[in-house]
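This report concerns only the one structure given below.
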Amino acid sequence: MGILAFGISHKSASVDLRGQIAFAPEIVVQALQAALVSMKAEEIALLSTCNRTEIYLQGEVSDQQLLNWLASSKGLELRQLESCYYCHRDEDAIRHMMRVASGLDSLVLGEPQIFGQIKSAYAVGREAGTVSTYLNQAFQQAFSAAKRVRSETAIGQNPVSVAYASVSLAEQIFTDLNSAHALLIGAGETIELVARHLKEKNIGQITVANRTLNRAQELAADFSAEAILLSDIPDVLHRADIVISSTASQLPILGKGAVEAALKRRKHKPMFMVDIAVPRDIESQVEELADVYLYSVDDLEEVIQDNMRARQVAADLGQTIIDQDVQSWAKQQRALAAVDTIKAFRDSVEIIRDGEVEKARSALERGQDAVEVINTLARNLTNKLLHKPTTKLKQASEEGRDDTIHVAHELFDLNKK
C-alpha cells in the first residue's frame, strides 16, 4: 500500500478553478469519510487553502479514481481537472509534503502560514478517523523537515510582502515599537496586513484613517485601534511616529505643508513614512523635509527582490535538507518492510525449538541421561534449523544462482575459504 499526494495548486490551475474545488472547513470531516469509503483507501487527509487543494492518501488508488471523486464532489466535468492535476507517489509524495510544509512550494516562497494549515489538515484527519499509522508517520516526517528548514536556513527571516517589509523597515528605525504610534491611511487588505504585523510587534498605538468611517471602525475594532476620517488626519498627524498609506485615491492625501506643520508640533522628532499606493498618497516633496524617512512602493520592491534572492538561496539549502529527510524516511520504510519476514522467520524457528524442548523434557522424565538429552537436543535443533537453508543453497548452486550464495555469506557473516 503506497502513499500519494494528489492535488491542484497555484502552479497548475487558475484562481477560479481553485475556488471551485476548495473545501469549506465545516464539510472536510464528512468529505474525508465519504472519500475513504468511495475509493476504498486505507487512510486519507485533505489540505484546502486559497492556493491549493491536496489529498494525501494511503492505499492502492489510481489517478482516475481521485479525479472522479473530486469532480463528482464538486460537480465539475473531468476535462476541467485532467489538465491541471499532479499526483506524486511514495518517496516523491513524501518529498512533496515536506516541500509544502516548509513553504518551498508556496506562491510566496517560504511563507510560514502553510505550516499551520497542513498541521490543521492532519488534526482534522485524526478527528475524522481517516488518518492513522502510515499518514501519521508521513505527516510527522513533513513537520520535522519543515522545522529543520526553518531552524537551519534563513528562509523566513527576509520579508517578501509589501506589508511585512514596511513593518520591518519601521522596526529598524524605531528599535522599541512598544512606545510608537502608527497612523495607517486606508482600510484595504494591505493596510489590514500592516496592522496585523504591527500588532505582532507589540506596537504601542494604531490609528486607522479612511474615507468612510464605518470601514475604519471595522478594521480598528480588530486591533484595538482608533478610527478617524481622512479629513481628521491633520489633527492627529503630529502624534504619529509611523505613517503607512495605501488607498485608491487619485490625488495625494498628505502634502508637504501638512507634514511640515506636524513636524513643528513634534519638535522635529523623526517620522517614518511608507507610501504603498500607486499613484502616490504622500507627495514626493515630503522626502525633502528633515526628520522624515519616506519610502515609496518602488523602494520596498527593491527590498523585497533582494529578500527574495536571499530566500531562494535558503530554499536551495532547504531542498538539500528535505532530500536528506526523504532518504531517512525511505530507509525506515525499507526496514519496516523486513519486519513481517523477520517475524515469520522467528515464528518458524520457535516452533522447531518448542518441539525439540518438549521431546527433551519427555526424555528427562523417562530417566534418560541429562548429557545425552542435551546433546540430542542440540543436534536435532542444528539439523532442523539448517535443513531448509542447506537444501535451498544446494539448489541455488546447481542452478547457477550465485547471487543467492553471496546473500547467504552476507546474511550469516561467513568467511569463504
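The values are calculated or read from the model by the stated rules, or taken from the named source; none is laboratory data. A quick note: this is a predicted structure, and the numbers were derived from the prediction, not measured. Note: ideal-geometry Cβ built from the backbone for every residue, glycine included; neighbour counts use all protein chains shown.
A compact table of results
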| quantity | calculated |
| --- | --- |
| Residue within segment 226-237 that is surrounded by 21 or more Cβ atoms within 10 Å (Cβ to Cβ), free of Cβ contacts under 8 Å to residues at least 60 places away in the same chain and in a helix (DSSP H, G or I) present | yes |
| Residue under evaluation Glu283, criteria (1) surrounded by fewer than 22 Cβ atoms within 10 Å (Cβ to Cβ); (2) under 38 Å from the mean Cα position of the chain (by Cα), criterion not met | (2) |
| Residues satisfying the stated conditions in segment 354-397, i.e. of a type in the set (Lys, Arg) and in a helix (DSSP H, G or I) | Lys359, Arg361, Arg379, Lys384, Lys388, Lys392, Lys394 |
| Elements of type helices (runs of 4 or more DSSP H) contained in segment 101-210, each with 3 or more residues being at pLDDT 95 or above and more than 30 Å from Ala248 (Cα to Cα) | 113-128, 133-152 |
| Unique match (being surrounded by 15 or more Cβ atoms within 10 Å (Cβ to Cβ) and farther than 18 Å from Gly129 by Cα) among Ile44, Ile8, Ile3, Ile55 | Ile8 |
| Candidate set from segment 1-34 (those that are small (Gly, Ala, Ser) and touching a residue at least 40 places away in the same chain (Cβ under 8 Å)); member that is nearest to Tyr56 (Cα to Cα) | Ala5 |
| Residue that is farther than 30 Å from Ala378 by Cβ, part of a helix (DSSP H, G or I) and not assigned by TED's automatic domain parsing to the domain that holds Val167, where the choices are Asp347, Asp325 | Asp325 |
| Members of segment 278-300 found to be polar (S, T, N, Q) and out of contact with any Asp or Glu (no Cβ under 6 Å at 6 or more places or on another chain), listed by number | Ser284, Gln285 |
| Selected residue (only one of Ala315, Ala330, Ala262 is under 30 Å from Ser102 (Cα atoms), buried (at least 16 other Cβ atoms within 10 Å of the Cβ) and not basic (Lys, Arg)) | Ala315 |
